[in-house]
Structure formats: structure tokens, C-alpha cells
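Data block below; observations after.
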Amino acid sequence: MKLNITSFTLIALIVCSSLQLNAQLTPAWSTKISQVDWMRITSLGYPIVSSAGALSALDPETGAILWQARNLLGNPREEEVEELWGTRYLKVSYGTERGDDTMPMIALVDIITGAVMFDSRKERLGVLGSYPLAQSGKFMVVGVEPGKFSAKLLMYDMETGNKLWENDEIFKGSQGKGGLMGKMAGAIQSVMNMSSLTSDPVEIDKENIIITHPSYVIKLKSADGSTVWCAKINESTSARLLFTDTKPNIVFVGAETESESMMSSGSGPPKNVYSTSYYAFDLNSGQSVWKSPVKNSNERINYMLPTAKGFVILPGFSTNQQKSTLNLLDYNNGSGLWGSKGNGIKADGEVIDILPTENGLVISTSATPFNQNKSENYFLNVLNVENGSLRFSKSVKVKGRLVRTDVVAKGILYTTTHEVNIVDANTGATLLSNSIESGGPKRLDKILPFPTALRDNKFYVFATKEGIVKELDTETGVVRNLNSVKLELGGKEIPKSLDAFDDGVVLCSDQNVVMIGYDGLLKFSNYFTPPKQSGLMRALALAEVSKGALLTVALASASVTYAGIVSSSVDAGVKQAGSAAAALTGGMAAYSLAYTGKALADFNKRFKATTMADDYLIVLSEVAAKDFRLLKVDKRTGKTLVTLDLGKDRDPLYLVDFIDQHVYHQSKPNEISCFKLK
């Protein structure tokens, strides 16, 4: 027997219609503005609007136009406007100098005031790279002047827009000597002279910055840009810097070199191959701490993780391989500490995800079969970073990528993008003979992990194929079917969220909200007819992505500051983002925040709002032909709390801010209205 939610459509619509009469929203404000091209909500909550050659920002509470930038930036497309996370600025890429299509141009705009803090057109610079320095509130640019063939490094104050200094020596090199080899060397050097940095610069303190040039690691004085020291490295295309409290006076560097393979790959062009070199430099003098760099051929830079004795390297694949070599490099001399003669240990595939647990570092690896027509193989194992051993002699083959792990009484409970099971922490054997399988819905063409919920010692997951909510007792390992009748969501949708409340487990998809009690009985189920134009759902998808991005960046940048919020939060997304942030941050935070004043207050308010439980669902429904409504639905009751009429426009322009619970709607061609859902 199947329980088909579509059968509840008529009931849901009747309930919905009656509620619409009683809870129809009126605008909190409406603002006249020119014909709107596109809208976006920034991480600080300000709507940015592009209209008739102007870029504008609106006050989310009053609708007042905070600022308008006319003509200065042209009419940028949405993809040309990028928010600099952790700052109050937008980076606008607005084209190139006329007659020179090799020089990209950018401007830096204050989100709150609209002040243009940097304009490469006014500075007469093509921009090869730009880097916000959150700790000091500065902005570093690698730029090229028209007609010049060498880049230079410049520093600007983000608050005032003033240029602080420039350094035109860093990217200068020898022009090459006579003869063919000399000319070839000169040509290569010319390319290097027009390169950008190979990693983001790092402010190691208030006075100094470390940057990586394709051929050097350089320490600069923040005040004037002068070089403190310059250390030579092999020519590289990307790099990574590692700092650790264990060795506070050393910077460890991983640099990746790309070259063309000498081997042909069938009828196609030769593939690129990669190698990685690791270095250690004294932060004060720039002298090499190791006798020579550690060079690993046929691998790409991937994870570099600090430990007490050295840093762990979990490399990526350069070519189609089946095994990767994991190692621990000694802080003092760079020697390998794992495996026979320090040559490392082998893992099935390359490490793609890691999650720390009290039993060790859980690693998820992936290997593409030599037969490219087959799908990737995924494996799980536990890495003991103390002795360089893998817990299981044979990695556990799993379906999908690792999402979360929990240490439970029976072992390690793991969740991937496709299944749930418990692994015996000693043997690697899986507790459940058949994993609980599921699959996540797509958001912006990306497959998301399927939802789970944890309540006391009970873990809940929806098994898609069976249509059953599974209850896994984490203490005993016993699995119980919560519902006995197969549940099929209306529209054949897959749940995107799952919550364990006092009265039961609630499953939500784009158009469904269903509660199943712990006694297995169906408490309620509502299906809301979706609009026929799938593009109308994009605004909701973007809103979900925006909230997730805010969580991840904030937690990665300030994992210590927000540790209390994460541990006390009942929002699964917060806990997952916090776990990811903890795995990625080492001795020095991977991100920093540069918010001050009003921007800091806005950020704190919005971040705290994301940590609260999501007790409601926003649904877009076509309740009648071309009659579109946004509904705020209570997850605990399934009832529609608020209804917003989007009219009969076949392509309504609207934005949803899940954090502040605002909806911005283009109610007329020259008007934007804000509706508050709370």
C-alpha cells in the first residue's frame, strides 16, 4: 500500500485559500525605482538592485535608497558583481579599457554607503589579481599599466580608498640574454612578469604580510610594501600557506607545478601533469629551515593539516590513479615520518573529505576506475595521525561523499550523500547488513546530502526507495521503521529537510510538508501545487545557498568565537557548517572578518538568526492558473501562517531572505515592495 501525498492536494488548496483571506500580507514598504534588471541580497541583508544604468542599495527596513552609482560602473551584469566575503564591499568587474581587451577592470564599492573605494579605470590599471586583507582593512591589487609588460603590487586602504604604496620590483625579472635559449628564457620571464599571486596573501601580524609569487615566497612590510625577505621556490601555478602554533616562527609552503605531459592521450592533446613541492622558511630571516624542499611527483596540492609533530599531507591526483600516498612531514627537517623509510602510507583513492572524531581523522576517498565509463568508487577509513596508520586494513566501500560522522556506542555513525551506516571502530565492518539508502534533491544543479535529524540517541533518515522514515538507535544499533505504509511525496519530490520535533518527524520538500508521529501515524501532510515554470523556483534555491554560505564562511572565520552558538544550536545546518569549519581551520584561521561599526552589527544580527531552529517552510505555489503565492508554512502543524500574492505575472521577479524573513517583489515595472514574513 502506498500513501500518496498528491491526494491531499485539494484539501491543502482549500485550507490554503481560506488562510489567504485572513493572512494576506501587505507591503512593509514600497520603493519607486527604474526598470529593474536584477536584484540580489548581500550577506549583510541589503538588497542590491541594478536598474537603467544604476547600481543601488536599499535599506531592508524602510526601503529607502541608500545610494545609487550611476554611469560610473556602466550597467554591470549580475555575474560581474561579486561580494567580498568578510568585508562590507562589492567587487564590480565592469569591462576593459577601450582598445585593450587584455586588461580586466574592477571597482570596489561600499555596500552600506555606496562609496567607490577603488576604481582601476581611474587608477589606469588592468587588474590581474585583487585580495581583501580583512585583519587590517586593506586591499591588495596586482595591476598592470597600459603599455607596460610587468605587473606591480599596490596596497589601498579599504576605508578611505587611498593608495598606501606600490611595489614594482616584485614582478620584474631578467630579460634574457642573446641566442635562442636566452630569448626563450626571456619570453618565459615575460609571462611570469604578468602573473598574479599564487595564493591569497596572509597578514601574519600588524606589520608584515606573506605572499607567494610564481617563483618566490616573499615577506613584505604592511606599512610601505618594502621587501623584508624573498625566498626562491620552483616555478608554480598555485600555492598554499600553513601556519601552526607549534612552530610559530615558521611558514610552511606547498607549491604546485603544472606541466604538459610528454605522453599522448589517444587522439586528444597531451594532458597536464602536476607535482608538488613543500618548503619551510624562517619567518624572521626567510632562510630555509630544511636542507632541501620535499618534492612529490605526480600529485596535486590538497590537504595540509597541522599536528604536534609535523603537518599531514593528503595529496590530490595528478593523473588517473588508484592510490594516493599520505605522509607526515617533520616540522624540523621535512623528512617523512610515516610508512617504510618515511615514504608514506597508501590510501584507496585521493582524499576528498575529512572529518575529525575522537577515534581519529575520518577520511573519505575517491578513485575513478581505469574504465572511465564506470562511476567513481568511494571509500572510508580512519587515519591515526599519531602513528600514521589506517584503522582498517581494507577501506570501507561506500556510496557517495562523506557528509557527517558521529562517534556512537556501536562505532562510527557515518552519513554520505547516499547512505547511512555504522562502522565498527576496530574492524571496519558495517553494523547494518544493508545500509539505509537515500538521495538528496538538486539545488542549482548540485546534488545535496539527504536530510537527517538527531533527537536524544535516535537518528532519523528518510529511505527514498522504501518511502520509510528510519529510526536508528545509536546506542543499540537497532533500526525501526517509523511508518509502515510507503510514503510518496507529491510531485515525486525528495525531502530537503527533516526535523525531529516533540510530536513527530517532519519531512519537507519544495512543495510538501509531512509529519509522522513516533507511533507511526500520519499527523498531517500538505502538498502545494508548484508553478509550471521551473525557473520561478530559482529565487528560493538561491536563498538557501546564501544562508549556507553565510554559515560556512562565518564559522570558518571565527570558529572559536561562535563555538558556543554552534554547540547550543538546534539547527542541523549550523552544526554541519561548524564541523566543516573546525576541520578546515588550523593554527591560523582560513578566513578573517573585517566588519566594523554598522556592518559588524548587521553581521552579528544575521548570523545569530541563522542559528535558530527553522520552524517554518517557504513554499511557492500556483494555487490557480497563473496565480502565484508565496506561503509561510508552520512545520509543527502544517498550517499556512502567511500568504503573499505574487500576482499573475508568468515570470515574477522576487527574492527571499530566509534569515530576516523578508520577501522583495517587483510589484510594478518601476517598484519594489518588501513583505515581512515574521
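The alpha-carbon of Lys247 sits under 16 angstrom from the alpha-carbons of these aspartates and glutamates, leaving out residues fewer than 8 places away in its chain: Asp205, Asp282, Asp330.
Arranged from fewest to most other beta-carbon atoms within 10 Å of their beta carbon, Arg629, Arg636, Arg77 become Arg77, Arg636, Arg629. Computed from point charges on the beta carbon alone (+1 for Lys and Arg, -1 for Asp and Glu), the dipole magnitude for region 272-346 about its Cα centre is near 240 Debye. Taking amide H positions as modeled 1.01 Å from N, with prolines and chain starts lacking one, the residues under 5 Å from Lys486 and 5 or more places away or on another chain are Leu3.
Across region 332-411, C-alpha contacts under 8 Å between residues 6 or more apart give a mean separation that, scaled by the residue count, equals a relative contact order of 24 percent. Note on Lys32: aspartates and glutamates with a C-alpha under 14 Å away, same-chain residues under 8 apart excluded, are Asp59, Glu671.
Less than 5 angstrom separates the built amide H of Thr416 from those of Val403, all sequence-distant by 5 or more or on a different chain. Lys323: which aspartates and glutamates have alpha carbons under 17 Å from its alpha carbon, excluding same-chain residues fewer than 8 sequence positions away? Reachable aspartates and glutamates: Glu299, Asp348, Glu350, Asp353, Glu376.
For Trp29, the residues whose modelled amide H falls within less than 5 Å of its own, excluding neighbours fewer than 5 places apart on the same chain, are Cys674. For region 455-539, trypsin sites (Lys or Arg not before Pro) are listed when DSSP marks them as loop and at most 11 other Cβ atoms sit within 10 Å of their Cβ; the list is Lys465, Lys532. Sorting Phe118, Phe243 by the number of Cβ atoms found within 10 Å of their own Cβ, with the fewest placed first, yields Phe243, Phe118. Per-residue 3J(HN,Hα) values for region 235-243, derived from phi via the Karplus relation 6.51 cos²θ - 1.76 cosθ + 1.60 with θ = phi - 60°, read 4, 9, 9, 8, 8, 9, 10, 10, 10 Hz in sequence order (x marks Gly and Pro).
The spacing between region 458-510 and region 29-90, judged by their C-alpha centroids, is 41 Å. Strictly over 25 Å apart at the Cα level, which of Lys206/Lys295; Lys410/Lys486; Lys399/Lys458; Lys496/Lys648; Lys295/Lys341; Lys496/Lys635 would you flag in this model? Check vs 25 Å cut-off fails for Lys206/Lys295; Lys410/Lys486; Lys496/Lys648.
All of the numbers you see were taken from the coordinates with simple rules; none came from a lab. These numbers were taken from a predicted model, which means no experiment stands behind them. Every residue, glycine among them, receives a Cβ derived from its backbone with ideal geometry; neighbour counts consider all protein chains shown.
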